[in-house]
Amino acid sequence: MTEQQRTSDEGVLTRIGQARMLLHGGDREEARNRLGVLWQQLGPDGDPLHRCTLAHYLADTQDDPDTELAWDLRALSAAEGLEDGRLVGHDSAAALRALYPKLHLDLAADYAKLSRPDAARAHLERARAASDALDDDRYGMGVRTAIERLDRRLREG
């Protein structure tokens, strides 16, 4: 990765982080607006890891479950695009593999909200299978716990 690419990477990640802080601070609309502008600036040929991260957080800013699902599907699609030969040389390959369980968990939750239990279970199983890539840290334990929680909810419902 060149210095210019690294600087560009840091700028995008900083802007994503700022919008994320707005989202977690309760300003969903402003977070959605800022992430949407960044999405447009990246365009369809933007870095797949950035597109994945943006779509992942844009999903969290949505009020409509169908729109949330569409953004989560974009996030997964961008992650899969990174694997098409580019993952090998990407600095964040391990981080992306650790994101797969969460991407599938989010899709499972989306499908559960939309009363599509079969699709929810399919993505939940993918989340569980991908969870081997998670570390035994706070993030990994949180994702594993959320997988089990959604699994119980689907079995009960």
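The values are calculated or read from the model by the stated rules, or taken from the named source; none is laboratory data. Computed from a prediction, not measured in an experiment: that's the story for all the values here. For neighbour counting, all protein chains shown are included, and Cβ atoms are generated from backbone atoms with ideal geometry for every residue, glycine included. Side chains included, ligands, DNA and RNA excluded: accessible areas come from the protein's heavy atoms. Shrake-Rupley method; radii C 1.70, N 1.55, O 1.52, S 1.80 Å.
Key figures
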item: Between helix 28-42 and the chain: long-axis angle, C-alpha atoms, 0 to 90°, nearest 10; result: 50 degrees
item: Listed residues Tyr100, Tyr139 arranged by accessible area, highest first, probe 1.4 Å; result: Tyr139, Tyr100
item: Summed side-chain charge close to Ser115 - residues other than Ser115 whose Cβ falls under 15 Å, Lys, Arg +1, Asp, Glu -1; result: -2
item: Carbon + sulfur, % of accessible area of the stretch 28-157 - ligands and nucleic acids excluded, 1.4 Å; result: 47 percent
item: Gyration tensor (alpha-carbon) shape descriptor, the stretch 117-157, a/c threshold 1.5; result: oblate
item: Given charges at Cβ of Lys, Arg, Asp, Glu: the chain dipole, positive-most of Ser115, Gly17, Tyr57; result: Ser115
item: Estimated translational D of the chain in µm²/s (Stokes, Kirkwood radius over Cα pairs; 37 °C; 0.692 mPa s); result: 203 µm²/s
item: Cα centroid separation, the stretch 92-157 to the stretch 15-47 (Å); result: 23 Å
